[in-house]
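What follows draws every value from the coordinates through simple rules; no lab data is involved. Model, not experiment: these values are computed from the prediction. Ideal geometry is used to build each Cβ from the backbone, glycine not excepted, and the neighbour counts take in all protein chains shown.
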């Protein structure tokens with residue numbers, strides 16, 4: 001991140017309490033323009049609390065700036081430039097597709113109506129249908145068309161594909177990358193299903209029980225994490241190098257290392273880069289001990 | 001302002017009962033007029049309404065009764081709407097869609113308040129007008145000289161319009177605290193909005209009775225809810241009563257609406273301004289709750 005350009009999202013000591021329960025505990029992170037960031041954690045880790053704070057839907061402690069604004073007191077102005085899909089099933093059942101387009105066109109200065117209509121024309125959905133008559137996949141298409149047609153700088157997605165079948169999920173993420181993303185825009189996705197988004201993301205934020213477990217660009221993984229497959233008689237030697245996680249597979253044991261000494265690891269054979277999913281499991285299992 | 005217009009349109013899309021219910025009431029009344037039999041105080045023959053006075057009284061009474069039915073339904077529906085309006089979208093989670101748009105919570109709450117206290121009564125007002133016009137036509141054709149002519153009194157018609165519009169304005173102001181309270185409950189409760197709308201006031205009444213031994217709150221509530229008529233209408237009317245003997249019964253009504261309404265008194269009464277103040281404070285509280293609450 002350059003020094004002259006402020007981060008798109010800047011959270012410092014962000015804290016959210018519900019009574020005695022602390023959902024987010026002094027969390028700090030920044031997100032820059034043009035990135036696709038995955039906010040990943042198990043259920044109940046604090047993902048939704050973080051998103052709610054970023055979108056101005058709830059109050060919080062600490063400092064938080066989104067597109068240069070304080071989200072809670074300035075939600076309306078923020079929503080001119082940011083948009084979000086908080087789960088796909090939130091379009092009300094009574095709303096007709098054409099009414100949804102008309103309404104958003106009426107209240108949103110950055111909504112491009114022709115764009116939304118063009119996106120919907122590619123589907124089987126007609127304007128007179130009500131949301132309650134549509135399948136979950138179709139509702140997603142409508143919501144996505146509405147959201148994509150907003151010329152927004154930031155798109156926030158909260159578990160966007162929950163309850164969708166594999167075809168609808170794939171279509172959702174394809175549309176996201178092809179129709180929305182460019183280098184002036186930023187996407188923040190929360191999910192607990194890492195494998196679904198791992199090829200999409202440029203940045204990772206792992207969150208666990210209200211704390212950040214990891215925050216880094218995906219491109220840095222090869223230099224900061226390594227995994228080696230070790231045979232039975234070398235297990236003790238590998239363990240001595242303090243792996244963060246180990247996993248037995250057929251005949252071999254996989255050892256995961258953080259900030260590894262690549263020269264020493266080379267002795268065990270080929271050094272591999274862990275996938276995002278592996279990294280997630282490694283970090284989450286490690287911290288759970 | 002443009003956003004407000006869209007918010008109001010949205011409420012009409014969502015709550016189709018706003019116009020379906022008055023249309024149904026109007027249709028029922030029209031059916032009754034088309035096929036029903038008339039038996040007003042034993043008048044059954046064409047010569048019963050011999051004098052113009054009798055005609056005016058019967059006509060005015062008919063317009064009034066039909067209108068009252070509309071407005072009774074309108075306000076029952078309006079307050080039910082206000083109790084539900086900030087709760088329904090939290091329950092079905094569509095609030096997360098509405099909040100993704102650049103609309104302030106104040107705009108949302110005020111649009112819904114406008115629907116409850118102004119738009120719904122106005123729709124019923126129009127429906128009542130259409131129905132009574134239709135009634136006048138049908139009755140004229142069916143009964144001719146009997147009471148048909150009684151309904152065609154332009155002055156009386158105009159007076160009714162003024163009465164209803166005056167009612168809408170004064171009801172909206174006097175019962176603003178009730179509307180505000182319902183919106184607070186609607187924005188706050190996680191379930192059982194009807195119960196929550198009744199329970200806290202009742203609890204305060206009982207606690208006051210038990211621990212303080214007085215019933216100040218109870219008296220306040222009774223005075224307020226029953227004080228509406230005393231603040232909006234003069235009794236007896238300034239220009240007296242008109243009485244007509246019809247079929248052996250004396251039917252009395254005010255000489256004219258003009259002598260009954262008291263806007264100057266209504267707007268200068270401290271009670272009215274207390275209603276405005278308390279109501280506004282509750283609406284403000286509803287907006288603050290709306291800011292902080294997402295789904296239930």
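Things to note:
- Fully extended contour minus Cα-Cα distance, from residue B:241 to residue B:206, at 0.36 nm per residue: 8.3 nm
- Considering only beta bridges that DSSP places wholly inside segment A:220-288, some 100 percent are antiparallel.
- If you run the Gaussian network model on chain A, springs between alpha carbon atoms under 10 Å, then out of A:135, A:277, A:28 the most flexible one is A:135.
- Taking 7 Å steps out from each Cα toward its Cβ at residue B:61 and residue B:268 produces label points 3.6 nm apart.
- Whole-number Å³ per residue for the convex hull built on Cα positions in segment B:2-292: 168 Å³
- For segment B:79-133, the calculated P(r), taken from all Cα-Cα distances in 5 Å bins from zero up to the bin holding the longest distance, is 4, 17, 20, 20, 14, 10, 7, 5, 2, 0 percent.
- Here r is the Cβ-Cβ distance between residue A:12 and residue B:137 and R0 is 45 Å; the resulting FRET efficiency, rounded to 0.05, is 0.05.
- Euclidean distance between Cα centres, segment A:68-136 to segment B:208-240, Å: 48 Å
- One way to sum up the overall shape of segment A:68-153 is the equivalent ellipsoid from its Cα gyration tensor, whose semi-axes run 24, 14, 11 Å, largest first.
- Using bins of 5 Å that start at zero, the share of Cα-Cα pairs per bin across segment A:220-288 amounts to 3, 18, 33, 27, 15, 4, 0, in whole %.
- Beta bridges per DSSP, both residues in chain A: antiparallel share near 65 percent.
- Förster-model FRET efficiency, 35 Å R0, residue A:178 and residue A:219, C-beta, rounded to 0.05: 0.95
- Taking the longest Cα principal axis of chain B as reference, the axis of helix B:176-188 is set at about 40 degrees.
- Computed [θ] at 222 nm, helices only, for chain A once each DSSP H run of length n ≥ 4 contributes -39500 (n - 2.57): -8000 deg cm²/dmol
- Averaged over peptide B:97-110, the number of partner chain Cβ atoms lying within 10 Å of each residue's Cβ comes to 6.
- Gaussian network model of chain A, Cα within-10 Å springs - most flexible of A:227, A:142, A:177: A:177
- Rounded to 10°, Cα long-axis angle of helix B:105-114 versus longest principal axis of chain B: 20 degrees
- Scattering profile of chain A at q = 0.07, 0.16 Å⁻¹ [log10 I(q)/I(0), Debye over alpha-carbon scatterers]: -0.31, -1.25
- Modelled spin-label separation between residue A:285 and residue B:214, with each label point placed 7 Å from Cα along the Cα-to-Cβ direction: 7.0 nm.
- Debye equation applied to the C-alpha atoms of the protein assembly as shown, log10 I(q)/I(0) at 0.10, 0.12 Å⁻¹: -0.96, -1.19
- C-alpha long axis of helix A:166-175 to longest principal axis of chain A, angle in °: 80 degrees
- Convex hull volume of the C-alpha atoms in segment B:81-180, normalised per residue: 136 Å³.
- Relative intensity of segment A:151-268 on a log10 scale, I(q)/I(0) at q = 0.10 Å⁻¹, equals -0.46, per a Debye sum over C-alpha point scatterers of equal strength in the absence of solvent.
- Extending 7 Å from Cα along the Cβ direction at residue A:133 and again at residue A:30 yields two label points whose distance is 5.1 nm.
- Value of [θ]222 nm, deg cm²/dmol, for chain B, DSSP H segments ≥ 4, -39500 (n - 2.57) each, nearest 500: -22500 deg cm²/dmol
- Between A:16, A:122, A:139, the residue with the greatest mean-square fluctuation in the GNM of chain A (Cα pairs under 10 Å linked by springs) is A:122.
- Between residue B:130 and residue A:277, the FRET efficiency estimated from the beta carbon spacing at R0 = 60 angstrom works out to 0.35.
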